[in-house]
Structure formats: structure tokens, C-alpha cells
Amino acid sequence: LGELVKAVVESSEAEGGTRLDETNETRLVFCLELLVSVGIENRDRLAPFWPTIRGQLRSVLLEQAKNAFLLERGVVGVLRLGTRLLLREDMGDEVMESLGLFRLLKVSAIRRLSPQITAGLHQLLRSNAANIHSRAHWQLLFCLLEWSGAAAFPQRPQEAESEEDADGEESDREPVQE
């Protein structure tokens, strides 16, 4: 299992400075989906490899965020893995830490992916509400639901005065960490 995870991660890494074209995007999406499927099917043996998988998901969410389809598949992958892995008591903190990566996404990405995030969080809560014990974990989940379901993003003090840029469109600011 370790060699498979390592091979999938290595094959998904872009060659130095290669532009993300359609072929590379397809390869990255395939590797990401394979990694998520392997994680879901091997949830009882996943703990030693979780840092590698989480690192790959973090890379997709934060570094490849300009690619809409790849970002969507990364968000859905985190939610699918979270729903499955929260059944294990020892993986709760790691799963919630991965869900916390959503707070680092741009507001425009959260708006675009809000149906997927809301549906994924709904499924996660339906399946695993009894396995979430920490107040901080509940706060994170409710914060993500508020952002994706109600588009109620926290404002930075300097942005509270004006919701619009000079050209009249909504600002594409980063969400604030709580």
C-alpha cells in the first residue's frame, strides 16, 4: 500500500515548470481520484500514509487552485475521505485539519464550489455526527457550512466599509482565519 501511494503521488507531480495543459490536468485528476479511492478502500491501514495523502490534497487545493476542475475534484476528494475516515476515532483530528484547508481557499472558489462543499458536509454530518466530539471541530464544520451554504464570509476590518472594488464587482478577498 505504501509503495502504491508513493507511486501515485510521484506520478502526479508536474515535471519542473511544466505548464498545466489538458494532458497534465487529466493525469493529475486521474492520480487524485486513484489516491482518494485507495484511501477510502484502505481506511483501516491508512494512518501511516495519511501525511503523504494529505500533502497531495493540500497541494491540489492550494497550489493548483487556478484549475477549476482539479480544485473541484480535490475538494470532493477531501470530503469523501473525511466522511469515510471520521468513522475511525484516531483519525478525527487529521480529517478536521484537512477540512480546515477549505478556509485557505479564495472566496471565489468557495462560492463556485459551495454546492459540492455543502452536500459533502451534509453527508459527513449525517454519517459521523456522533464521532465529532471537540468544540473546535464543530466550530470548523459550522463555519464551513455558513461560508458555503449562506455565503457569510467574515470580513477583515479594512474591508468592512466597502464590499465592492472600484469597478463595482465583488471583492475576491481571502477568507479570514478565525
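The values are calculated or read from the model by the stated rules, or taken from the named source; none is laboratory data. This structure is a prediction, so every number in the text was calculated from the model and none was measured. Note that each Cβ is placed from the backbone with ideal geometry, even for glycine, and that neighbours are counted across all protein chains shown. For the accessible areas, the whole protein counts, side chains as well, though only heavy atoms, and no ligand, DNA or RNA atoms are used. Shrake-Rupley method; radii C 1.70, N 1.55, O 1.52, S 1.80 Å.
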Average silhouette area of region 29-89, convex hull of alpha-carbon atoms, in square nanometres: 3.8 nm²
If eta is 0.890 mPa s and T is 25 °C, what Stokes-Einstein diffusion coefficient results for region 1-146, Kirkwood Rh from Cα pairs, in µm²/s? 158 µm²/s
Take region 79-149, drop everything but the C-alpha atoms, weight them equally and run the Debye formula without solvent; then report log10 I(q)/I(0) at 0.22, 0.23 Å⁻¹ to two decimals. -0.92, -1.01
Sorted peptide list for 74-84, 131-141, criterion being average Cβ within 10 angstrom, highest first: 74-84, 131-141
Go through K66, K106 and list them by solvent-accessible area, largest first, probe radius 1.4 Å. K66, K106
Put L4, L125, L32 in order of accessible area, largest first, 1.4 Å probe: what do you get? L4, L125, L32
